[in-house]
Amino acid sequence: MAHFLPLSRVARLVGESRSAIQRRIHAGELATFDGMVEMGELLRVFPDVRWEDDGEFRRVEEIKAKAFARRVYERALPAKEVLAERLFEMGREFAAAKTLLLHYDEVLRFLDDKLDDVAEAGAARPAVQQAVIDLKLWLRQALAARPSDTERAQALLAQENVMRIMSAQVTVLPAGHEFFVEGNDTLLEAALRAGIPLNYGCSNGNCGDCRARLVSGQVKKVHPHDFVLKESEKAEGDFLLCSYTAVSDVVVEAGIAGADDIPHQEIVTRVKAVEVLNERIAVLHLTAPRSQRLHFLAGQRVTLAIGDSGGELSGEYPVASCPCEDRHIELHIQRDNSPLARHVFEDLAKEDRVRIEGPRGHFVMKLDSRRPVIFIAWEEGFAPIKSLVQHAMSLEIAESIHLYWAAGSVAASGGHYQDNHCRAWADALDEFSYRPLDAAGGAEAVAESILALHPDLRRADIYAAGPLDFLHVLQTGALARGLSPLGWHGEAR
Ligand code: FES
């Protein structure tokens, strides 16, 4: 019986990104059948992976070790009912496999008897009789022999089973995005964590914007609020992504939000921290209310307002965090002459209220491209680029990611004020490169130094944020090197 595994699970099992697995498939190193990988093929292509001390087992060990840390427990382990259903489902599969094995056993016994009959009937023809005896001998030996690679195959199956108990894989049609649901997450929460911007509005079952249709697999209601759907719609397989979780691997039909689909919001956040990195840059960390997280796409901007109607300070800033970060919102504030910047640097304190309005802008990630992505930031243009880079990392679809950041001195513009984050990404990911550049050379020199490293841009997407003159030279040079006009995404600062 061949055993097939979906690509996302293969990526997790071998500890590689989905894009790295896709590259192996395109290079002909790894064979697939209907988008799935057969277990023997997996063992052949990854002979060095030690399944038994890998990912999911370690995670279970970690959970056991922290069994009394309730938050970790809640975040990592599925609800009891979901666990029970997954175990029940696995039990059914096990029972089906065992029934099949018993059936095969009977067929083999029958075959054995039949071969005896044939041998007896062929007594007059010694050659036929000998062939039947040889066949029986071979059959016995083949059944008694241990299949090759048994231990690794068992470890792999055990690892996969643990993974299937701890998480469920979701495929979203028609876009084809995939993600895992873990812990107590609803399908909506899990999708957003994975950087997949599914359509949604209220997050609490009132608007119906997150309606999806179940194509296959099993989902379970974990929040009671799905009154917005009629019983007839539910009977047809419609459900709310914000109310349900996945019990088994599922395929759903759901809408992906574009920049124009996101409603305008106004939310009141609390200051979590003001991190003054140097004399020019402060990083503002805000926390959205539990009931009203900010719905935005990576790369978009918001208006920040502090104070009351009597004396409100406001300004527009790109969001630097990723929508996958749940309630956390990060903004980079440059010290200019604005009263708002002065207030953030000098007076704003933990727990202060900050009003956020938005989002705006179309400088967002193209979700259907699997090509290499080049992110380019000029000075504080790094903020939206940071959000996009994190989004690209959580999506895991880009073939490779290159990040360039041109900045002047700390005194002039804040310098490469989060250089450590960029270096950490490059250290952690194989397909990620980072190069800080000196903006003092001017727009043309910086653009030229980047383009010289990418002489052929026919298969690339560029996302660049900076002053207009820099974007202009960069875009002209990139198009001259074969970049498709659709592959250019610029945000003037
Ligand atoms: S987001 Fe409003 S009902 Fe789910």
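Structure notes:
- Only listed residue being open to solvent by 50 Å² or more (accessible area, probe 1.4 Å), in contact with a strand residue (DSSP E or B) (Cβ under 6 Å, 6 or more places away or on another chain) and either assigned to a helix (DSSP H, G or I) or in contact (Cβ under 8 Å) with a residue 24 or more places away in the chain (or both), chosen from Arg458, Arg435: Arg435
- Close pairs (7 angstrom Cβ cut-off, 6 or more residues apart or separate chains): without any contact (Cβ under 8 Å) to a residue 60 or more places away in the chain in the stretch 198-214, hydroxyl-bearing (Ser, Thr, Tyr) and more than 6 Å from the ligand (Cβ to nearest atom) anywhere: Gly205/Ser243
- When every residue of the stretch 187-202 is checked against the conditions, at least one turns out to be among the acidic types (Asp, Glu), within 16 Å of the ligand (Cβ to nearest atom) and open to solvent by 30 Å² or more (accessible area, probe 1.4 Å).
- Residue within the stretch 298-309 that is open to solvent by 40 Å² or more (accessible area, probe 1.4 Å) and among the hydroxyl-bearing types (Ser, Thr, Tyr) present: yes
- In the stretch 80-98, the residues that are assigned to a helix (DSSP H, G or I) form Cβ pairs under 9 Å with partners that are open to solvent by 60 Å² or more (accessible area, probe 1.4 Å) and modelled with pLDDT under 85, at six or more places apart or across chains, as follows: Val82/Asn184; Ala97/Met1.
- Yes/no for Arg71 being part of a helix (DSSP H, G or I) and at pLDDT 85 or above: no
- The strands (runs of 3 or more DSSP E) found entirely in the stretch 224-290 that carry 3 or more residues being buried (at least 21 other Cβ atoms within 10 Å of the Cβ) are 244-246, 281-287.
- Checked against the criterion of being within 14 Å of the ligand (Cβ to nearest atom), at pLDDT 90 or above and not acidic (Asp, Glu), the candidates Leu240, Leu214 yield just one match: Leu240.
- When restricted to residues that are touching a strand residue (DSSP E or B) at 6+ places or on another chain (Cβ under 6 Å) and either among the aromatic types (Phe, Trp, Tyr) or more than 22 Å from Pro384 (Cα to Cα) (or both), the stretch 344-362 contains 6.
- Ile267, sole failed condition from (1) farther than 22 Å from Thr171 by Cα; (2) in contact with a Gly (Cβ under 7 Å, 6 or more places away or on another chain); (3) in contact (Cβ under 8 Å) with a residue 40 or more places away in the chain: (2)
- Being outside any helix (DSSP H, G or I), of a type in the set (Asp, Glu) and not assigned by TED's automatic domain parsing to the domain that holds Ala440 is a description that does not apply to Glu399.
- Any hit, the stretch 163-186, residues being within 16 Å of the ligand (Cβ to nearest atom), buried (at least 20 other Cβ atoms within 10 Å of the Cβ), assigned to a helix (DSSP H, G or I) and of a type outside the set (Val, Ile, Thr): no
- When residues in the stretch 316-349 are screened for being aromatic (Phe, Trp, Tyr) and surrounded by fewer than 16 Cβ atoms within 10 Å (Cβ to Cβ), 0 of them pass.
The values are calculated or read from the model by the stated rules, or taken from the named source; none is laboratory data. Here the structure is a predicted model, which means the values were calculated and not measured. A quick note on method: Cβ atoms are made from the backbone with ideal geometry, for glycine too, and the neighbour counts reach across all protein chains shown. Calculation scope for accessible area: heavy atoms of the full protein, side chains included, ligands and nucleic acids excluded. Shrake-Rupley method; radii C 1.70, N 1.55, O 1.52, S 1.80 Å.
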